[in-house]
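Written below as structure tokens is the structure these notes are about.
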Amino acid sequence: MSWALDETVQTQAGTVRAGQAGDGPALVLAHGWPWSSFSWHRVIAELAQTHRVYWYDMPGYGRSEMSGQRTSLDVQGAVFAEMLAHWALIRPKVVAHDFGGATTLRAHLLHGCDFDRYVLMNVVAMRPWGSDFFDHVGRHVEAFQGMPLHIHAAVVEAYIKGALAHQIDAGDLEALIQPWLSDAGKDSFYSQFAQADEVYTAEVEPMFKDIRCDVTILWGEDDPWIPIARGRALADLIPQAEFQTLKGVGHLPQLEAPELVLKALANAL
């Protein structure tokens, strides 16, 4: 497996675990919620044949620090800029998924990070966002934090499965769930709901026309969380955006259909 987290980086939001592989133009992968950089593990090896690929677990996610620190989207945007500076990347290509969309959009539009090419895949970028369950948990975080660990584990599994149009490898599913099952992981899981605020996308929505690079928007047409109509609406706000449908795929294309994603990325990058 090319995916590994053998770097440790200190950021304003705590310790971040990161990795890199390959040789060629810089390409940064930005994961979303409630995933980690592991979500990219099935596409990294092939991408690394033509690019120097960089990835990290966002603060509060995966193997990065979970200590109750603020990890909202405004923080994540600033940390993405920190990570580019740490790696000394001036104009990397960027592929972002889910909350990684809002994270990298904020880094680009508010923190001055320039990208060479930019791929947004099933991203959180526009209001409204969040399912009914997402909203419910956000209003009752303390009640969910008090659940026994075995019930919490069932909630996490059901929540992640709810993003999929097709089953993924059982080992992949287990690896996505596992970081949230420690005491710190449980607290961080529900903290993300509590810190969610549409203001963080509202700040950048009027600026989409100012994106300074070519943009490709990829969208799983069967996404149960963010309907494809939202992806098309996003494309309408970015003059230079090219929109591409990923047929028969849900919200987690890179694990549901990695070969399809790699083919789309080969064209986009």
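The values are calculated or read from the model by the stated rules, or taken from the named source; none is laboratory data. A quick note: this is a predicted structure, and the numbers were derived from the prediction, not measured. Here the Cβ is made from the backbone with ideal geometry for all residues, glycine too, and neighbour counts use every protein chain on show. Ligands, DNA and RNA are excluded from the accessible area calculation, which covers all protein heavy atoms including side chains. Shrake-Rupley method; radii C 1.70, N 1.55, O 1.52, S 1.80 Å.
Worth a mention:
- Residues satisfying the stated conditions in the stretch 220-244, i.e. open to solvent by 40 Å² or more (accessible area, probe 1.4 Å) and either of a type outside the set (A, V, I, L, M, F, W, C) or part of a loop (DSSP other than H, G, I, E, B) (or both): GLU221, ASP222, PRO224, TRP225, PRO227, ARG230, ARG232, ASP236, PRO239, GLN240, GLU242, GLN244
- Odd one out for PHE144 among (1) hydrophobic (A, V, I, L, M, F, W, C); (2) out of contact with any Lys or Arg (no Cβ under 7 Å at 6 or more places or on another chain); (3) in contact (Cβ under 8 Å) with a residue 60 or more places away in the chain; (4) open to solvent by less than 50 Å² (accessible area, probe 1.4 Å): (3)
- The set of residues from the stretch 36-56 being over 18 Å from THR104 (Cα atoms) and touching a Gly at 6+ places or on another chain (Cβ under 6 Å) comprises ALA48, THR50, HIS51, ARG52.
- Filter pass, LEU110 being under 11 Å from the mean Cα position of the chain (by Cα) and at negative phi: no
- If the condition is being outside any loop (DSSP other than H, G, I, E, B) and open to solvent by 30 Å² or more (accessible area, probe 1.4 Å), then the stretch 245-255 contributes only THR245.
- For ILE217, the requirement of being assigned to a loop (DSSP other than H, G, I, E, B) and of a type in the set (Val, Ile, Thr) is not met.
- For the residues ALA163, ALA175, ALA102, the requirement of being small (Gly, Ala, Ser), under 24 Å from GLY220 (Cβ atoms) and not in a helix (DSSP H, G or I) singles out ALA163.
- For the stretch 6-56, the candidate set comprises residues that are open to solvent by 30 Å² or more (accessible area, probe 1.4 Å) and assigned to a loop (DSSP other than H, G, I, E, B); within that set, the residue that is farthest from ALA170 (Cα to Cα) is GLN12.
- Qualifying positions in the stretch 178-210 - surrounded by 18 or more Cβ atoms within 10 Å (Cβ to Cβ), under 18 Å from the mean Cα position of the chain (by Cα) and either farther than 20 Å from ARG139 by Cα or aromatic (Phe, Trp, Tyr) (or both): PRO179, TRP180, PHE189, TYR190, PHE193, TYR200, VAL204
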